[in-house]
Structures are given as structure tokens and as C-alpha cells.
1. Inverting the mean 1/r over all pairs of different Cα atoms, compute the Kirkwood radius of the range 91-189 and quote it in Å.
2. Per residue of the range 63-75, what does 6.51 cos²θ - 1.76 cosθ + 1.60 with θ = phi - 60° give for ³J(HN,Hα)? Whole Hz please, x for Gly and Pro, Karplus curve as stated.
3. What does the accessible area of L63 come to, in Å² to the nearest 10, when a probe of 1.4 Å is used?
4. Pairs of alpha-carbon atoms within less than 8 angstrom and 6+ residues apart define the contacts here; what relative contact order does the range 67-106 have, in percent?
5. Express in Å², to the nearest 10, the accessible area of M90 obtained by rolling a 1.4 Å probe over the protein heavy atoms while all chains stay in place.
6. Skipping prolines and chain starts, which residues have an amide H placed within reach, meaning under 5 Å, of the one on V73, given they are 5 or more residues away or on another chain?
7. Keeping all protein chains in place and using 1.4 angstrom, which order do H69, H158, H10 fall into by accessible surface area, from largest down?
8. From the Cα gyration tensor of the chain, with a ≥ b ≥ c the square roots of its eigenvalues, which class applies: rounded if a/c is under 1.5, or else prolate if a/b is larger than b/c, or else oblate?
Amino acid sequence: MAQLTEVRFHGRGGQGAKTAGYILAVAAAEEGWNINAFPEYGAERRGAPMKSYVRISDAPIRLRSGVRHPNIVAVLDDTLLATENVTEGMTESSILIVNTDQTPDEIRAQLANPNVTVYVVNATQVAMDTIGRPIPNTPMLGAMVKAADLVPLESLKHAVVARLGGKLSQAAIESNYAALDRAYEEVHT
């Protein structure tokens, strides 16, 4: 039977959830996995809730629907906990990673399914300190790699260059590496 890992990102337009999904997919492909990644959003506007999906498998992936039963969910904006059921489809073995300054217990108290494993990291603060902008996508990937052990951190760094190298300066790439490393160290349950 094929090993399939499904990841769902919840964010707001402009926070980089779509880019995070693509970076994770590129890193997984670099490791030899089959991947599929795509966003889902309604009206394209900054600040609107949106989702991004990634599937990683050792077999070809034929599913083209949104991720309904995620193994991992990353929430890039903790205000979405009040308006979205971010734990929909999750089981007790699923991992939830939230960008927040709250504790895991405070987050768990807000969830429709409090039985998932909760990790927290203040990805926005990490991004401000390392990148200089409040875009939490790269730090959330660093936290995800630590929490879920999906791909090596070095593969994520290669994927940042592959996906963003033509858009960002070398200094910006280095600051994204710093964001990955710091969130990897700071994520906790």
C-alpha cells in the first residue's frame, strides 16, 4: 500500500500559504517523492481566508480534490481558529501547527477537535526578526519539518532557492534560511 501524507495550509491572502505549499512540494520532489500541490481560494484579495494543499506519496498521486483528511495542518494566522474549522477531517494522529504567541493548551481550547497534537511557533515574530516582513510562510515550514519530520531542512532550503531564487536577492534568501532555522528551533508542543 502506498504511503500518502496530506498537508493542508490555512492562511490569509498575502501570508504565503500558496508559496509554502509549493516550497514543501519542491522539497519533497527533491527527496524523490511524488507530489501534488495547489491552492484553493475564492475572491483573490489580500487578507481573505484561503487554503493550500500538498500531497506527498511514494506512488503516483491521482487525487485532484482538496485535502479532506490531513495528516498535517499548518495555520498561518491564529485568528482563523475563530472562523474556520481548521481541524476538519483530522484524527488523533494528525498534527496541527499554529502561528501564534499562545500556548498549545490555549490553542487546544479553541479547537473543534482538541484531540490532535498541537505545536505552536510565533512565525510572524520570527519572520519580522529574520526577514523584516510579517510573512510567516517560511518559518511555518521550518516548524513543520521539526514537528512532522517530512523532509530534511536542507531540502527546504534548496526548494526556497528553486521557487524564489529568481524573485529574491541572495540576502533575502539567506534571511529565509535564518527564518527556517529559527522556527525549527522554536516550535514546541
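1. Result for the range 91-189 stands at 13.8 Å.
2. 5, 10, 8, x, 6, 9, 10, x, 7, 9, 10, 10, 10
3. 80
4. Relative contact order of the range 67-106: 52 percent.
5. 20
6. Under 5 Å from the amide H of V73 lie the amide H atoms of R8, I95, L96, I97, each far enough along the sequence or on another chain.
7. Listed by decreasing accessible area, they come as H69, H158, H10.
8. rounded
The values are calculated or read from the model by the stated rules, or taken from the named source; none is laboratory data. Treat the numbers as computed from the prediction; the structure is a model and nothing was measured. Each accessible area value is taken on the protein alone, full model and side chains, heavy atoms only, with ligands, DNA and RNA left out. Shrake-Rupley method; radii C 1.70, N 1.55, O 1.52, S 1.80 Å.
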